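K.L.:
Structure in structure tokens, see below.
The values are calculated or read from the model by the stated rules, or taken from the named source; none is laboratory data. Predicted, not measured: the structure shown is a model, and the values here were computed from it. Please note: Cβ atoms are built from the backbone with ideal geometry, for glycine as well, and neighbour counts cover all protein chains shown.
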Amino acid sequence: MNLNRLNLDPAVVQRARELARLAGQPVVDMARSHTTVSVERAVLRLAGITGADADGIPWVNRLVDQVRDDVGLGHGATLPVFHALAESGVDGDLTLLAQKAAAGSVKFHIPEGKHATAAKKLSKRAVAQGIKTIDRNRLERDKLIKKHGEPKQRPWIYLIVATGDIYEDIPQAQAAARAGADVIAVIRSTGQSLLDYVPEGATREGFAGTYATQENFRLMRAALDESSKELGRYIRLTNYASGLCMPEIATLAGLQRLDMMLNDSMYGILFRDINPIRTFVDQRFSRQIHARAGIIINTGEDNYLTTADAVEAAHTVTVSQLLNEYFAHEAGLEDWQLGLGHAFEINPDLPESFRLELAHALLARELFPDAPLKWMPPTKHMTGDVFRGNLLDGFFNLVGTLTGQGILLVGMMTEAVVTPWLSDRDIALQNVRYVLGAAGGLHEDFVPAPGGFIQQRAHGVLGEAVTLLEEIVDDTLLNAIADGTFGIMKRPANRGKGLDGVAKHEDGYYNPATEILEAGK
Amino acid sequence: MTKTVVRPYGDTTGDGMTQVSFTLPIPHDKKAEGAALQLAAKMGLDPAMLVHAKQMGDGFTFFVIYGSVRHLVELDKVQVVERDFPLLGSKEINTIVKQKLRRKLSVVGACIGTDAHTVGIDAILNIKGIAGEKGLEYYREFKVVNMGAQVTVPELVAAAKQEKADAVLVSQVVTQRDAHLYNTREMTAAFREAMPAGKRPLLIVGGPRFDELMAGELGVDRIFGRGTTPREVASYLVHSLVTQRSK
């Protein structure tokens, strides 16, 4: 891909990145000085706790709730938990400890002196085991990619399955892979983002999607390993590290070798009304896990355009991409792991809508030349007119290939009508194949006219993004979110779901996972 | 004379031409094509033309069929909910509220249950609106609270009380296992329990899959279906809450 087709001013691009850093830095500082129930649960999951009580509440939730009641979370959960583990004679079994704690026979304390040193050592050893599993999975993925091969074309073709039943999802996912999908995303059940625990086991009941559970992850990854072997290309698996349990789901993804995770720095705040502080703290930890696990994140900028106008709000997408990039790099993610999002959501009745789409997509491409970029299909202007929808999807695919997008989520002409039928998916893939086959190399010839419409539009959007970033830096990011800067939603830092699960670090806070993940940085 | 009986129109009056597509769970062969034509005949397509057949994966075939449908449409037997209120402009609406209600008209909106799709409620409430029409937030004389997604019914009732809502708007997009009907019934039951008849806000649901004839059964005052615009909702609110009541 020849670069600088937009003739962007490197000084402006550098200024935009610098502003994103200035806007993001205070949020990172806040994330580094707070913890959440879900971060602590993720750490204990790395240390090996599993299972759930008779009501389906995971033991890790019971344990962390108990610790919180006894001593608070300001010192982290591992110190009191591993101190109790050493004292209670359960032979190092965290799950057993949780059961005893739930029965009321264990009380938690913050250890001091040599007890604290011992608890730290014990917990670090246990957590290191979990991280070792994540490391092994990463090596295994590399090995399988070498063995089976990468997809033949870019963009990778990304398809969604969503039946609610993991045992229905599996044959559908395998069929989708056979039909040409390179990436399978299993959509989560509606409402899982607001559950403050991760359900356990294989699940067969979900609304408009399937629950993200460790066992469901394992089953689907194993099925796609079979498909990879059969098809001679490594089929990637995607899920959602979002909502109240983001750090835990990221951890489970690492433990089960998922390959991509949806993981946006602000999506939960804006679209699920999750407390901003909770989100940023959970975000940082989940990104550190993704970095370690070699998982590609997909960010959610497409969502802004479904609520705000895709032309007026184009620069908010750029701003969010720059912020997501900053937060990702800070957490240790590399450029090849940044599936920064954007979408084809301009009203097709608007004159020159296609040229505007091209300008926006190319801007993202040129700003982030080494990121894979996640290209999302039209949804807002899919009206139920399936014939027009199929045409729109074709133009979406054309922008995708013309601008070198890395991951293309296949648009369905029945968007907003039904969850995709078998035939909808087949028609959609036929559309993608036609466009990639007929125009896959067109980007080699496509250079926007110097000073023409596309270049001017891209420069305009970047300029507006810089202005907005300046305002955000002045106002602080948290206030900007409170004022409704992104996606029109107003989300103040003292409101939203999950705030009660946030704790400020006390002196002596300890988190062995963070220590391991940040070692050598 | 107005027509009372019509047939689908391809390119000639009365030709009955119709196009359908479907998938059968069998591989593509001669027999599969015969099976598709048999289904078309049972659907009333006679004669039917199989214009496209394509196998998908191992055991499925997709068909497109054109044919003349033998059924007749009897227009005098069609039942729909006709708009029974005048469609007004935003200026008129503001004027009526200002002069006759003499306070702001309070509207509370939400997506209830696990439904996270705010696109419907946002289209109606957000100032941005839809299809070039501004949402209810744009109406100077309306006070709008949009609670967003995944609001629980008790939260909605509490907000309606606090805001002294004249109308409650609920949007439901997800329809798996009839979640939209279940959620709506739960919502109307909660309002009936929480407030006496005269004090209850107007209860309105909207979503692409509701049957507009089910209002009574679901206990709501009105159902708005696909393609409803903010102006229609605003006109209805003014008609029900102001114009009719001041008569």
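K.L.:
I need the full set of residues from the range A:333-356 which are over 22 Å from A:ALA310 (Cβ atoms) and crowded, with 17+ Cβ neighbours inside 10 Å, in order please. Break it down stepwise before answering.
P.N.:
Here is the first cut: in the range A:333-356, the residues over 22 Å from A:ALA310 (Cβ atoms) are A:333-337.
Result: A:LEU333, A:GLN337.
K.L.:
Only one of (1) in a loop (DSSP other than H, G, I, E, B); (2) surrounded by fewer than 23 Cβ atoms within 10 Å (Cβ to Cβ) fails for A:ALA310. Which number is that?
P.N.:
Among (1) in a loop (DSSP other than H, G, I, E, B); (2) surrounded by fewer than 23 Cβ atoms within 10 Å (Cβ to Cβ), the lone unmet condition for A:ALA310 is (2).
K.L.:
While we're looking at this one, here's another question. Which residues, taken from the range B:209-239, are among the charged types (D, E, K, R) and assigned to a loop (DSSP other than H, G, I, E, B)?
P.N.:
Correct list: B:ARG209, B:ASP211, B:ASP221, B:ARG226.
K.L.:
Moving to a separate point now. Of the residues that sit in the range A:298-330 and are more than 14 Å from every other protein chain (Cβ to nearest Cβ) and among the aliphatic types (A, V, I, L, M), which one is farthest from the chain's Cα centre (by Cα)?
P.N.:
Taking the range A:298-330 and keeping what is more than 14 Å from every other protein chain (Cβ to nearest Cβ), we get A:298-299, A:301, A:314-315, A:317-330.
With among the aliphatic types (A, V, I, L, M) added as a condition, the list becomes A:314, A:317, A:319, A:322-323, A:328.
Numbers: A:ALA314: 21, A:VAL317: 16, A:VAL319: 17, A:LEU322: 15, A:LEU323: 14, A:ALA328: 11 Å.
Among them, the one singled out is A:ALA314.
K.L.:
Hey, another quick one. For the range B:3-31, name all the residues that are within 14 Å of chain A (Cβ to nearest Cβ) and not in a loop (DSSP other than H, G, I, E, B). So that I can check it myself, show each step before the final result.
P.N.:
Filtering the range B:3-31 down to residues within 14 Å of chain A (Cβ to nearest Cβ) leaves B:19-28.
Hits for the range B:3-31 are B:GLN19, B:VAL20, B:SER21, B:PHE22, B:THR23, B:LEU24.
K.L.:
Determine whether B:ALA149 is touching a Cys at 6+ places or on another chain (Cβ under 6 Å), in contact (Cβ under 8 Å) with a residue 24 or more places away in the chain and within 15 Å of B:GLY206 (Cβ to Cβ). Quick ask: steps written out before the conclusion?
P.N.:
On the way: touching a Cys at 6+ places or on another chain (Cβ under 6 Å): yes; in contact (Cβ under 8 Å) with a residue 24 or more places away in the chain: yes; within 15 Å of B:GLY206 (Cβ to Cβ): yes.
Yes, satisfied.
K.L.:
Check the range A:327-338 and report whether any residue there is more than 25 Å from A:PRO448 (Cβ to Cβ), outside any loop (DSSP other than H, G, I, E, B) and of a type in the set (D, E, K, R).
P.N.:
Going residue by residue through the range A:327-338, those that are more than 25 Å from A:PRO448 (Cβ to Cβ) are A:327-334, A:336-337.
Subset that is outside any loop (DSSP other than H, G, I, E, B): A:327-330, A:336-337.
If we keep only those that are of a type in the set (D, E, K, R) too, we end up with A:330.
For the range A:327-338, residues more than 25 Å from A:PRO448 (Cβ to Cβ), outside any loop (DSSP other than H, G, I, E, B) and of a type in the set (D, E, K, R): present.
K.L.:
What are the residues in the range B:93-129 that are away from chain A (no Cβ under 12 Å) and part of a strand (DSSP E or B), if any?
P.N.:
Going through the range B:93-129, the residues away from chain A (no Cβ under 12 Å) turn out to be B:93-109, B:124.
Within the range B:93-129, B:LEU105, B:SER106, B:VAL107, B:VAL108, B:GLY109 qualify.
K.L.:
Under 8 Å between Cβ atoms, which residue pairs at least 6 apart in sequence (or on different chains) link something in the range A:7-24 that is farther than 15 Å from A:ARG365 by Cα and touching a residue at least 60 places away in the same chain (Cβ under 8 Å) with a partner that is of a type outside the set (Asp, Glu) and not in a helix (DSSP H, G or I)?
P.N.:
So the pair list comes out as A:ALA23/A:THR476.
K.L.:
A follow-up question, please. In the range A:159-174, how many are outside any loop (DSSP other than H, G, I, E, B), in contact (Cβ under 8 Å) with a residue 60 or more places away in the chain and surrounded by fewer than 24 Cβ atoms within 10 Å (Cβ to Cβ)?
P.N.:
1
K.L.:
Scanning for something touching a strand residue (DSSP E or B) at 6+ places or on another chain (Cβ under 6 Å), in contact (Cβ under 8 Å) with a residue 40 or more places away in the chain and surrounded by 14 or more Cβ atoms within 10 Å (Cβ to Cβ), does the range A:133-144 turn up at least one residue? Write out each step before concluding.
P.N.:
Here is the first cut: in the range A:133-144, the ones touching a strand residue (DSSP E or B) at 6+ places or on another chain (Cβ under 6 Å) are none.
So far as the range A:133-144 goes, no, none of its residues is touching a strand residue (DSSP E or B) at 6+ places or on another chain (Cβ under 6 Å), in contact (Cβ under 8 Å) with a residue 40 or more places away in the chain and surrounded by 14 or more Cβ atoms within 10 Å (Cβ to Cβ).
K.L.:
I'd like the full set of residues that are surrounded by 15 or more Cβ atoms within 10 Å (Cβ to Cβ) and under 30 Å from A:ARG178 (Cβ atoms), limited to the range B:47-56.
P.N.:
B:LEU50, B:ALA53, B:LYS54, B:GLN55, B:MET56
K.L.:
Out of (1) modelled with pLDDT under 95; (2) within 14 Å of chain B (Cβ to nearest Cβ); (3) not in a helix (DSSP H, G or I), what's the single condition that is false for A:GLY404?
P.N.:
(2)
K.L.:
Here is a further query. Here is a check on your reading of the model: is A:ARG204 surrounded by fewer than 21 Cβ atoms within 10 Å (Cβ to Cβ), within 12 Å of chain B (Cβ to nearest Cβ) and either more than 13 Å from the chain's Cα centre (by Cα) or among the polar types (S, T, N, Q) (or both)? Before you say what the answer is, go through the steps one by one.
P.N.:
On the way: surrounded by fewer than 21 Cβ atoms within 10 Å (Cβ to Cβ): yes; within 12 Å of chain B (Cβ to nearest Cβ): no; either more than 13 Å from the chain's Cα centre (by Cα) or among the polar types (S, T, N, Q) (or both): yes.
No; evaluated as a whole, the condition is false for this residue.
K.L.:
Picking from A:THR133, A:THR117, which residue would you name as being assigned to a helix (DSSP H, G or I), modelled with pLDDT of 95 or more and farther than 14 Å from A:ILE516 by Cα? Don't jump to the end; show me each part of the working.
P.N.:
Values: A:THR133 fails: farther than 14 Å from A:ILE516 by Cα.
Only one candidate passes the filter, namely A:THR117.
K.L.:
Just checking, how many residues over the range B:6-46 are loosely packed, with under 11 Cβ neighbours inside 10 Å and in contact with a strand residue (DSSP E or B) (Cβ under 7 Å, 6 or more places away or on another chain)?
P.N.:
Of the residues in that region, 1 qualify.
K.L.:
Residues of the range A:11-30 being within 29 Å of the chain's Cα centre (by Cα), surrounded by fewer than 12 Cβ atoms within 10 Å (Cβ to Cβ) and within 27 Å of A:GLN455 (Cβ to Cβ), which ones?
P.N.:
First, pick out the residues of the range A:11-30 that are within 29 Å of the chain's Cα centre (by Cα): A:12-30.
Pick out the ones that are also surrounded by fewer than 12 Cβ atoms within 10 Å (Cβ to Cβ) and you get A:14, A:29.
A:GLN14 - this is the single residue of the range A:11-30 that is within 29 Å of the chain's Cα centre (by Cα), surrounded by fewer than 12 Cβ atoms within 10 Å (Cβ to Cβ) and within 27 Å of A:GLN455 (Cβ to Cβ).
K.L.:
Taking B:VAL242 as the residue in question, decide whether it is away from chain A (no Cβ under 14 Å) and assigned to a loop (DSSP other than H, G, I, E, B). Write out each step before concluding.
P.N.:
Numbers: away from chain A (no Cβ under 14 Å): yes; assigned to a loop (DSSP other than H, G, I, E, B): no.
Spelling it out, it is not the case that B:VAL242 is away from chain A (no Cβ under 14 Å) and assigned to a loop (DSSP other than H, G, I, E, B).
Here's the yes/no breakdown for (1) polar (S, T, N, Q); (2) under 22 Å from A:GLY406 (Cα atoms); (3) surrounded by fewer than 19 Cβ atoms within 10 Å (Cβ to Cβ):
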residue	(1), (2), (3)
A:ARG188	no, no, no
A:LEU195	no, no, yes
A:TYR211	no, no, no
A:GLN214	yes, no, no
A:GLY232	no, yes, yes
A:ASN239	yes, yes, no
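K.L.:
Would you point out the residue of the range B:169-203, among those that are assigned to a loop (DSSP other than H, G, I, E, B) and of a type in the set (A, V, I, L, M, F, W, C), that is surrounded by the fewest Cβ atoms within 10 Å (Cβ to Cβ)?
P.N.:
Initial filter on the range B:169-203 (assigned to a loop (DSSP other than H, G, I, E, B)): B:172-175, B:195-196, B:200-201.
With the extra rule that they be of a type in the set (A, V, I, L, M, F, W, C), the set shrinks to B:173-174, B:195.
Details: B:VAL173: 21, B:VAL174: 22, B:MET195: 14.
Per the stated criteria, the residue is B:MET195.
K.L.:
Restricting attention to the range B:62-83, report how many residues are of a type in the set (Phe, Trp, Tyr) and more than 14 Å from chain A (Cβ to nearest Cβ). Spell out how you get there, then give the answer.
P.N.:
Let us first name the residues in the range B:62-83 that are of a type in the set (Phe, Trp, Tyr), namely B:62-63, B:66.
When the remaining residues are screened for being more than 14 Å from chain A (Cβ to nearest Cβ), the result is B:66.
Summing the residues that are of a type in the set (Phe, Trp, Tyr) and more than 14 Å from chain A (Cβ to nearest Cβ) in the range B:62-83 gives 1.
K.L.:
Return the residues of the range B:44-61 that are more than 10 Å from chain A (Cβ to nearest Cβ), of a type outside the set (Val, Ile, Thr) and in a strand (DSSP E or B); say none if nothing qualifies.
P.N.:
Residues satisfying the conditions are B:LEU45, B:ASP46, B:PRO47, B:ALA48, B:MET49, B:LEU50, B:HIS52, B:ALA53.
K.L.:
Then there's this: Out of all the residues in the range A:410-441, which are assigned to a helix (DSSP H, G or I) and either among the hydrophobic types (A, V, I, L, M, F, W, C) or at pLDDT below 90 (or both)?
P.N.:
The initial filter retains those residues of the range A:410-441 that are assigned to a helix (DSSP H, G or I), namely A:422-439.
Those that are assigned to a helix (DSSP H, G or I) and either among the hydrophobic types (A, V, I, L, M, F, W, C) or at pLDDT below 90 (or both): A:LEU422, A:ILE427, A:ALA428, A:LEU429, A:VAL432, A:VAL435, A:LEU436, A:ALA438, A:ALA439.
K.L.:
If I ask for residues that are of a type outside the set (Val, Ile, Thr) and in a loop (DSSP other than H, G, I, E, B), which ones from the range B:73-92 would you list?
P.N.:
So the first thing to find is which residues in the range B:73-92 are of a type outside the set (Val, Ile, Thr), and the list is B:74-77, B:79, B:82-92.
Of everything in the range B:73-92, those that are of a type outside the set (Val, Ile, Thr) and in a loop (DSSP other than H, G, I, E, B) turn out to be B:GLN79, B:GLU82, B:ARG83, B:ASP84, B:PHE85, B:PRO86, B:LEU87, B:LEU88, B:GLY89.
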